[in-house]
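Take a look at the structure below.
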Amino acid sequence: PKIRSKKYEAEEDDPLKEIVMAFWKDEDNQLTLTSRAGMQEWLDNIVTDGEKFLVCFQSNSAPYVKLTEVPLEEIDTIIYDTENWKRPVYYKRNYQPQIYDGEAGTYKPDGLPQERYYLDHRITAEELPELRKKIKIPAAKLAPDDQRVIHCFINPLWSKKGKRGISELYASREWFRVYKEFMEDRAAINAAATAVAYKRKVKGGPTEVAKFQNKFGGLNVGYD
């Protein structure tokens, strides 16, 4: 018979652990974040794009919490608590629903562009009534309350549309610009240097040399 410690049995029967592992091993969640490839993509996107918007929503069966992603270009504005401007409440999303047309072999717009407001994942159900008195959004534009946004970002920068992430590539953009100008200048110098004729033989006497000298715009080319 196998001998198991009480600690092992407690961990094996831990319902919280089962919930976490069901979330972590869910195939959809692994595509978005929890697999090695998902986390590598998450890290790469954070570095190259500066931010990422994950959406968690409830499921009727295990793992009960699902993850998906909203393209960062679809998040237009972040709306904050009017009494605490550092606390995000809603994320305004503008997007165009699409369908796939098998005959045309491409995606096509499905209806008109849509506007949705997603709650931040830290907003509790108890806080919502008071927040909605200060932030008035038409009910038709509200995403379901169980769909919550997790905003991940680096190099935060405040803008008129909220605190957004700035990629590492953006910080090096100025360096690339200066380096590009430097290389262009070097190329121009090299091109000019190769265009100069240091020695040139001309058939004829001083008159022919003078004619050739005029072609150089009056530069001194010697008298031989």
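The values are calculated or read from the model by the stated rules, or taken from the named source; none is laboratory data. Fair warning: this is a prediction, and the values are worked out from it, not measured in the lab. Counting neighbours? That spans all protein chains shown, and the Cβs are built from the backbone with ideal geometry, glycine included. Heavy atoms of the whole protein, side chains included, go into the accessibility calculation; ligands, DNA and RNA do not. Shrake-Rupley method; radii C 1.70, N 1.55, O 1.52, S 1.80 Å.
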- Give me the distance in nm between label points sitting 7 Å out from Cα along the Cα-to-Cβ direction at residue 44 and residue 72, one decimal. 1.5 nm
- Counting pairs of alpha carbon atoms under 8 Å apart in space and at least six apart in sequence, what relative contact order in percent does segment 26-139 give? 16 percent
- Item | When each of 86/108; 86/141; 66/92; 66/136 is checked by Cα-Cα distance, pairs over 31 Å | 86/108
- Item | Set of segment 31-64 residues, backbone N closer than 18 Å to the point 7 Å along the Cα-Cβ line of residue 175 | 47-50
- Task: Summarise the accessible area of segment 58-108 (1.4 Å probe, protein heavy atoms) by the percent that is carbon and sulfur.
- Result: 45 percent
- Item | Options (i) 23.9; (ii) 20.4; (iii) 18.2 - which one matches Kirkwood radius over Cα pairs in Å as calculated here | (i)
- Sparse-neighbourhood loop sites, trypsin sites (Lys or Arg not before Pro) in segment 94-172 - DSSP loop, at most 12 other Cβ within 10 angstrom: 122, 136, 160, 161
- Query: So which aspartates and glutamates can residue 133 reach, going by Cα to Cα under 20 Å and dropping same-chain residues fewer than 8 places off?
  - Reply: 81, 83, 120, 145, 146
- Note on the structure: So, over other residues within a Cβ distance under 15 Å of residue 152, counting Lys, Arg +1 and Asp, Glu -1, the net charge is -2
- Radius of gyration and Dmax for segment 18-129's Cα atoms, expressed in Å? 16.7, 53
- Item | Mean Cβ neighbour count within 10 Å, used as a protection proxy, ranking 98-109, 42-53 highest first | 42-53, 98-109
- Item | Relative contact order of the chain, defined on C-alpha pairs under 8 angstrom at six or more residues apart (%) | 17 percent
- residue 150 long-range amide H proximity, modeled H, under 5 Å: 54, 55, 56
- Query: In the neighborhood of residue 32, defined by Cβ-to-Cβ distances under 15 Å, what is the net charge if each Lys or Arg adds +1 and each Asp or Glu adds -1?
  - Reply: -1
- Based on the Kirkwood radius over alpha-carbon pairs, what is the Stokes-Einstein translational diffusion coefficient of segment 81-174 at 25 °C with 0.890 mPa s viscosity, in µm²/s? 152 µm²/s
- Determine the gain in length on full extension of the stretch residue 107-residue 122; use 0.36 nm per residue of separation and subtract their C-alpha separation, reporting nm with one decimal. 1.9 nm
